[in-house]
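The values are calculated or read from the model by the stated rules, or taken from the named source; none is laboratory data. This structure is a prediction, so every number in the text was calculated from the model and none was measured. Quick reminder, even Gly has a Cβ in these numbers, built from the backbone with ideal geometry, and neighbours come from all protein chains shown. Accessible surface is based on the protein model in full, side chains and every heavy atom, while ligands, DNA and RNA are left aside. Shrake-Rupley method; radii C 1.70, N 1.55, O 1.52, S 1.80 Å.
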Amino acid sequence: MRNFKKLTALVLVFVMALALVVPYASAVTYDDQEDINPDFAADLDLLYELQIIIGSDNLFSPKDTATRAELIKTAYVIEHGTYANPADADRYKTTNVPFTDYDSSKWYAGHVNWAYIEKIINGTSATTFEPERDITGFETLKVLLGVIGFIPEYEGYDQGSEWANRVLALADKTGLIEGIENVDFSRPITREVMAHAIYNTLFTNIVSYVKDTHEISNTTSKTVVEEYFGLQTLDDARVLANRYVGIDGKTKTGGNTIETDIYGKIAVSADVAADFELIGRSVTLYVKTEPQVAPPGFKITKLYGKPVLNNADELIQVTADDLTASGTVSIVVSGTTYTSASVAALSNNTLYINFLEDVDTNLNLVVGDNPVDLIVDGNTIKAVLAYDYTFVKLAVASGKVTATEFDT
């Protein structure tokens, strides 16, 4: 999290029945959503909006495997930046390739032929491709490295017994396996893990080579998603308002918009506009923009996927059992234990919070059965307290936090 010039913090307390707490809501909700690893849910939002992966019959089937042909089609969609005309690959169906285990009547023939002539992937033998066989993790990474622009023969993984190890090493170096490092890539890859690898690919810089050499050129700084989809990545925007509430002098937007400190108001989906978890938080946005004269020199025309929380891994869980009526709370932050935070719930509208030393992190507390989402920068707290959608503004004086009605 960046350091703000003015030390601030936000407390979001949802004092309501669990069923009324606003849940994470994705841009796409599959019928088997509960089977999807929550760590990959935001990936699928963006992949769906870009029409890279859309599922079938409103099912994503996250634990199922994918075939070689299915991944190749996905690679084709990425490099062509659209899913609007999947038959576009048919022009490659009559391309001369050495494979005899499929013919031009197959839906995937054009995609596979394209991948072969673009040197994205080889066959499984001199005359076979096995398009309907499950694709392994190593094969998936090889294809995605090809999407980025790596040429197998230049990087030494086009053939030989060590090709898989070389693929894995290069994929690790380029960030393709971030978040899935413990996967066994020798086995068929599941759809949700494959989706995460594809998501990582989108934000990797495209590779090109110096003419007539195997030397990688540094002339491009565009990522895959910038080059093929025209998206821009905006880091470290802080969300100050949504449909229901605003902080730091901002008022609620009242509609399907959020307001950020850097980029102003942005049109969003209804679930994003109602997502209290974003308020006060630093997020990354994936957007399309158009130029404008006023700062920052462009305006956002469309947000893709949900805003992604930065530093989400800094959240520390403290359960109700860790709190007492007068209670001292032990909080572990980056390996350091802080026992100086005293928290007591005196009533629905009053809390006492006393930090005797700075804690620059996000803390996730629970008082009784009520979750308290606390973001702290130093000792100053500005907060919004939610009781059944009624918001209360908290003021801090001499360690005592008192509540007043907050305009909603």
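How many residues are outside any loop (DSSP other than H, G, I, E, B), open to solvent by 30 Å² or more (accessible area, probe 1.4 Å) and of a type in the set (A, V, I, L, M, F, W, C) when one looks only at segment 187-233? Give the derivation first.
Here is the first cut: in segment 187-233, the ones outside any loop (DSSP other than H, G, I, E, B) are 188, 190-202, 205, 208-209, 216-217, 223-229, 232-233.
Filter once more, so that each one left must be open to solvent by 30 Å² or more (accessible area, probe 1.4 Å): 188, 190-191, 205, 208-209, 216, 226-228, 232-233.
Keeping just the survivors that are of a type in the set (A, V, I, L, M, F, W, C) gives 216.
So the count comes out to 1.
Given the conditions (1) in a helix (DSSP H, G or I); (2) hydrophobic (A, V, I, L, M, F, W, C); (3) more than 28 Å from V183 (Cβ to Cβ); (4) out of contact with any helix residue (DSSP H, G or I) (no Cβ under 6 Å at 6 or more places or on another chain), which single one is not true for A89?
With (1) in a helix (DSSP H, G or I); (2) hydrophobic (A, V, I, L, M, F, W, C); (3) more than 28 Å from V183 (Cβ to Cβ); (4) out of contact with any helix residue (DSSP H, G or I) (no Cβ under 6 Å at 6 or more places or on another chain) applied to A89, the lone miss is (4).
Scan segment 53-73 for residues that are open to solvent by 10 Å² or more (accessible area, probe 1.4 Å) and part of a loop (DSSP other than H, G, I, E, B) and report the count.
Applying the first criterion (open to solvent by 10 Å² or more (accessible area, probe 1.4 Å)) to segment 53-73 yields 53-59, 61, 63-65, 67, 70, 73.
If we keep only those that are part of a loop (DSSP other than H, G, I, E, B) as well, we get 53-55, 57-58, 61, 63-64.
The qualifying residues number 8.
Give the residues of segment 229-239 that are at pLDDT 85 or above and touching a Lys or Arg at 6+ places or on another chain (Cβ under 9 Å), sorted by residue number.
F229, G230, L231, Q232, R238, V239
Could you check I135 against (1) aliphatic (A, V, I, L, M); (2) over 25 Å from the mean Cα position of the chain (by Cα); (3) surrounded by 21 or more Cβ atoms within 10 Å (Cβ to Cβ) and say which number it fails?
Condition (2) is where I135 drops out.
Search segment 99-132 for residues being assigned to a loop (DSSP other than H, G, I, E, B) and of a type in the set (G, A, S), and hand back the single one that is least open to solvent (accessible area, probe 1.4 Å). Quick ask: steps written out before the conclusion?
Taking segment 99-132 first, the residues assigned to a loop (DSSP other than H, G, I, E, B) are 99-108, 118-132.
From the residues that got through so far, the ones that are of a type in the set (G, A, S) too are 104-105, 123, 125-126.
Details: S104: 69, S105: 92, G123: 26, S125: 54, A126: 82 Å².
Result: G123.
Testing Y30 on (1) part of a loop (DSSP other than H, G, I, E, B); (2) touching a helix residue (DSSP H, G or I) at 6+ places or on another chain (Cβ under 6 Å), one condition comes back false. Which one is that?
With (1) part of a loop (DSSP other than H, G, I, E, B); (2) touching a helix residue (DSSP H, G or I) at 6+ places or on another chain (Cβ under 6 Å) applied to Y30, the lone miss is (2).
Can you pull out every residue in segment 159-177 that is surrounded by 15 or more Cβ atoms within 10 Å (Cβ to Cβ) and in a loop (DSSP other than H, G, I, E, B)?
L176, I177
Evaluate the following for T29: is it open to solvent by less than 70 Å² (accessible area, probe 1.4 Å) and either closer than 26 Å to Y157 by Cβ or of a type outside the set (D, E) (or both)?
On the way: open to solvent by less than 70 Å² (accessible area, probe 1.4 Å): no; either closer than 26 Å to Y157 by Cβ or of a type outside the set (D, E) (or both): yes.
No, not satisfied.
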